[in-house]
Amino acid sequence: MASGSLKNMLSEAINKGVVESRARIFGHQLNPTGQQTPHKLLRMKLFGEKVAQWYPHDIKKDDPLVMARQEQERLSKLEMLKRRGKGPPKKGQGRRAAKRNK
Amino acid sequence: MRRTLLRNATLYTRNLLHQSAPAFDASTRPQLRLFCSNETPPPVPQIDDVDNKELKAQIESYFKGDEQVLPSIMETILKRKLSGKHEDTDDELMEELRMRPLDDVDDRDFESDFENIHDTDEEIDDLYNARDVVMKRMVKDEYFNMDDKKWDDIVEDGIKHGLLRDTKECEEILEDMLSWDKLLPDEIKQKVEVKFNELGDMCEKGELEPEEAYEQFKKFEDEIVAEYLDKMEKEEAPQFDDTTVPDKKKDLDDPPGEGPILRWQTRVVFAPGGDAWHPKNRKVKLSVTVKELGLSKYQFRRLRELVGKRYHPGRDELTITSERFEHREENRKDCLRTLLHLIEEAGKANKLVDDARSSYVKERLRANPAFMERLHAKSMRLRESNQVPA
């Protein structure tokens, strides 16, 4: 350090601690080593409500009688399919499982 | 105009008849007494009468353009009125004259009065050359086509040469001109009012005629004006010896407070509905001139390192933007806090520079052997002097 000139020393003194100060003032996240950090996710604003607003509210879900009737219809239809041999397959006998065994 | 003259003539003759009636009665009574005592009275002298044909001929000649006949017409009308034999015929004639319009009216008589009263502008012969005409008038008359710029120049010139020493006073004068009826002092107003009331009362009682009252009031007004002028002359006249006197206006338009000027930029979106919140309203931008912050050289360099691209060297302008919070006012506070932190952090540069300079000097001294020997000897000497009394 003694070998340097006065001007260089002063310049280094002026710029001492600038990076940390800038990060503190403007709210930056320092990552000198370039590691992967979850800061980008944490920085984002909560947008779950906005995504949920995409689908409008269905008023049928508020009425238990309507939901029960729909469930009854679903079950009866499933029973009819099973009787005709068109029901859902058992575990391990579907297309996906067969593909995996290959 | 001739028609109005005729009407006025008839009106005047009526008034004369009304006024002269009692005199006629008074003049005839003593004659009757004299005659009764001496001899039988002779018949009243009969006034020569003018027949309809002659009057009609005179009127026709007047309408045809002969203005010299007017006095003879008036005499004729007076004679007929005095004789009293043609009242019905004259009434019909007046109705006829009133309904008849005049074809050839000499406009010169009206225009002469109009021109005397209203001084209209000169007529421009060549309208294709209107620009040159206007330029000539502007050159000839300084106050032709006055606009705000000219007025500002005149005011500035007056301020520069000391004529308008205090623009506040000028504004007061203009306000006085705007409300001129409040200019006179209350004493003069009361005097004039009292005099007016006195004259009005005298007129109502009948002691004075309106003409005489008006004359007296006019004299009184002249006296009041002369008195006021004397008062003004007694006061000292203002002196214009000084040149280029600065403006002494007291209350300025500059806002109060000290420090740099903060320029804020925000956006206000007017959306339908009562809720005023809008995502575009969030962002706030703060600009400040760095020169006004009063930073030293090293502080300025540190500030530039801190803010990076936020500083615009050409305009010497530092811009801070914030849209961190949901509401604009919160973001304004955030901008201000950021600015204060930046100024504080830049202010540390002076201390850092001083420390660096002092450490540099110490290193240079430590590397000097002669200085070190002298320092060592001095410290040894101090140590020996301390040990002797112990």
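Label-to-label distance for B:Met177 and B:Lys285 is 4.4 nm, based on points extended 7 Å past Cα in the beta-carbon direction.
Electrostatic tally near B:Leu293: other residues with Cβ closer than 15 Å to its Cβ, Lys and Arg +1, Asp and Glu -1, net +3.
Solvent-accessible surface of the stretch B:268-390, averaged per residue with a 1.4 angstrom probe and all protein chains in place: 70 square angstrom. Within the full protein context, the accessible area of B:Arg381 is estimated at about 150 Å² for a probe radius of 1.4 Å. For the pair B:Gln190 and B:Lys149, a Förster radius of 45 Å applied to the C-beta separation gives a FRET efficiency near 0.50, rounded to the nearest 0.05.
Interface residues of the stretch B:274-315, defined as those with an accessible-area decrease of at least 10 Å² between the chain by itself and the complete set of protein chains (probe 1.4 Å), are B:Arg282, B:Tyr298, B:Arg301, B:Arg302, B:Glu305, B:Leu306, B:Arg310. Put A:Trp54, B:Trp151 in order of accessible area, highest first, and with a 1.4 Å probe you get A:Trp54, B:Trp151. A straight line joining the Cα centroids of the stretch B:287-353 and the stretch B:179-224 runs 73 Å.
The residues B:Val284, B:Val361, sorted by heavy-atom accessible surface at 1.4 Å with ligands and nucleic acids left out, run B:Val361, B:Val284 from largest to smallest.
Between B:Ser83 and B:Asp275, the contour length at 0.36 nm per residue exceeds the alpha carbon distance by 59.5 nm. How big a patch of accessible area, both sides summed and in Å² to the nearest 100, lies buried between B and A at a 1.4 Å probe? Heavy-atom accessible area buried at this interface is about 1800 Å². Cross-link partners for B:Lys285 among the lysines, with Cα-Cα distance under 30 Å and sequence neighbours closer than 8 places in the same chain left out: A:Lys16, A:Lys40, A:Lys45, A:Lys50, B:Lys297, B:Lys309, B:Lys333, B:Lys348.
The values are calculated or read from the model by the stated rules, or taken from the named source; none is laboratory data. These numbers come from a predicted model, not from an experiment. In this analysis, Cβ positions are derived from the backbone assuming ideal geometry, glycine residues included, and neighbour counts consider all displayed protein chains. Heavy atoms of the whole protein, side chains included, go into the accessibility calculation; ligands, DNA and RNA do not. Shrake-Rupley method; radii C 1.70, N 1.55, O 1.52, S 1.80 Å.
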